[in-house]
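Scroll down for the structure; my scribbles are underneath it.
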Amino acid sequence: MQDNNTTSRQVSRLNSDFWKYWTGQTVSNLGSSITLFALPLLVYKLTGSALNLGITTAATFLPYLLFGLILGAWTDRVDRKRMMISTDIARALIIASIPLLAFLGILPIWWIYVVAFIHATLTICFEAGEFAAIPSLVNRDDLVTANGRIQASYSGASIVGPLLAGVLVTVVPLTALMLIDALSFLVSSFSLMLIRISFNTGEKRAPTSIRSDVFEGLRYVLSHPVLRNISMMMALVNFVGSTTYAQLIFFAKVRLQATDFQASLLYSAGSLGVVMLALAAGPLRKHWSFSTVALGALMLEGILTVIFSFMRMYWAAAVLWTLIGGLGILFNINTSSLRQAIVPNQMLGRVVSIASVLAWSAIPLGSLLGGFAISWTQNVALVYGVIGVLIFLIPFAFSFTALGHADRYIPKEKAGEMKKA
């Protein structure tokens, strides 16, 4: 009887801790989605420059290239919960510095780049700890449900956040919106403090170095024909395509003559597309192969980007951007599932982080060159059109590699599971 009561208390405790965690992360994601819209709008209002927008995106993604692999491995060696609390507080302070300097009338554009760089570095640490925290919060059988709740709240926040920012920016200073994000990080840190259990399993690691872990995963990715080609293709797609997201504010303001609120709707529309196509990923995968769904999604994204570049009607552009955002996540879901099916479980964490770094490595340079191209041509529509053509051609070319028949590399016992999922 005592054992049953103990088990009951444990289940209740775990459920309680998870909902504390979920509440903090939902609030934090809402704040971050506000800044995701407000920061590029602030850069545009301060400079009116596509190149400055490109630099902001480069500063945001450069830490993933410089520190992603090292920080990801480092977080496995520290107290995760304490690290996540510290990074939340640090992110609150660095974001709050922007409205503070704006209030004092001494906000330079270079400080925004510094904030973007430091904030992204801290986020790498937090996200690595976040991924490992969930198994500590719930039973193994509840992992899918728990991750589903978190993903649902993230998706909802990414839709509501820009809409809320678009409304608030009409009544409060733009920089004041970032105080909401700073406060949301404090809410997140407080929710983590309330959680009683550790985010570390207590299992002892083998005495390996970070360098050896990274190189083992890197060798595996580069030696596998499917994983290698996915990384190469995504590096190229991100190199040319990152500009469409980095310059969305510029396109909305210059090409569509959008108001601040209308620009915020574009961000929400892209997030809505993510939710819609994410739900369609499973049914589509049941009927067609990885190559058909994933490469087809990218090629269709390229075609729609070309059409989007010609748009001057705001609402037509918003519909197209909804589809473009959704097609991107459709590709990501399929590639993530393919990696999970191919890669041995004991290497999955390293392989996923390495694949992400390889895929994102071209974003800083791509966003810089895209901003320069728009500034040089003074024609944002032309640059978007060229990008759309290239986004179509890259997956088309890779369809003649191992990616054209990637399903052949899935172990037979897992191939059936993916079809049933």
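The values are calculated or read from the model by the stated rules, or taken from the named source; none is laboratory data. Everything numeric in this text was worked out from a predicted model, so none of it was measured. Please note: Cβ atoms are built from the backbone with ideal geometry, for glycine as well, and neighbour counts cover all protein chains shown. What goes into the accessible areas is simple: the full protein's heavy atoms, side chains included, and nothing from ligands, DNA or RNA. Shrake-Rupley method; radii C 1.70, N 1.55, O 1.52, S 1.80 Å.
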- Task: Scan (1) open to solvent by 50 Å² or more (accessible area, probe 1.4 Å); (2) in a helix (DSSP H, G or I); (3) modelled with pLDDT under 85; (4) not small (Gly, Ala, Ser) for the single condition THR208 breaks and write down its number.
- Result: (2)
- Message: Pairs needed: first member in region 32-50, at negative phi; second member anywhere, outside any helix (DSSP H, G or I) and open to solvent by less than 20 Å² (accessible area, probe 1.4 Å); C-beta distance under 8 Å; at least 6 residues apart or different chains.
- Response: ALA50/GLN247
- Note on the structure: Only one of ILE324, ILE303, ILE307 is at pLDDT 80 or above, touching a Ser or Thr at 6+ places or on another chain (Cβ under 8 Å), in a helix (DSSP H, G or I) and not hydroxyl-bearing (Ser, Thr, Tyr), namely ILE324
- Query: Got a sec? Which of ILE89, ILE34 is at pLDDT 85 or above and within 30 Å of ILE374 (Cα to Cα)?
  - Reply: ILE34
- Item | Among the candidates THR35, THR60, THR56, THR75, residue that is open to solvent by less than 30 Å² (accessible area, probe 1.4 Å) and under 15 Å from the mean Cα position of the chain (by Cα) | THR35
- Item | Exclusive hit being free of Cβ contacts under 8 Å to residues at least 40 places away in the same chain and closer than 17 Å to TYR267 by Cα, set LEU320, LEU327, LEU304 | LEU320
- Unmet criterion (only one of (1) touching a Phe, Trp or Tyr at 6+ places or on another chain (Cβ under 8 Å); (2) crowded, with 19+ Cβ neighbours inside 10 Å) for ALA381: (2)
- Message: If I filter region 257-279 for residues that are touching a Pro at 6+ places or on another chain (Cβ under 9 Å), open to solvent by 20 Å² or more (accessible area, probe 1.4 Å) and within 15 Å of VAL383 (Cβ to Cβ), do I get at least one hit?
- Response: no
- Note on the structure: Subset of region 321-342, residues closer than 9 Å to LEU277 by Cα and either open to solvent by 20 Å² or more (accessible area, probe 1.4 Å) or in contact with a strand residue (DSSP E or B) (Cβ under 6 Å, 6 or more places away or on another chain) (or both), comes to LEU323, ILE329
- Item | THR145 vs. criteria modelled with pLDDT of 85 or more and of a type in the set (Ser, Thr, Tyr) | no
- Task: Answer with yes or no whether LEU218 is at pLDDT 85 or above and either surrounded by fewer than 20 Cβ atoms within 10 Å (Cβ to Cβ) or assigned to a helix (DSSP H, G or I) (or both).
- Result: no
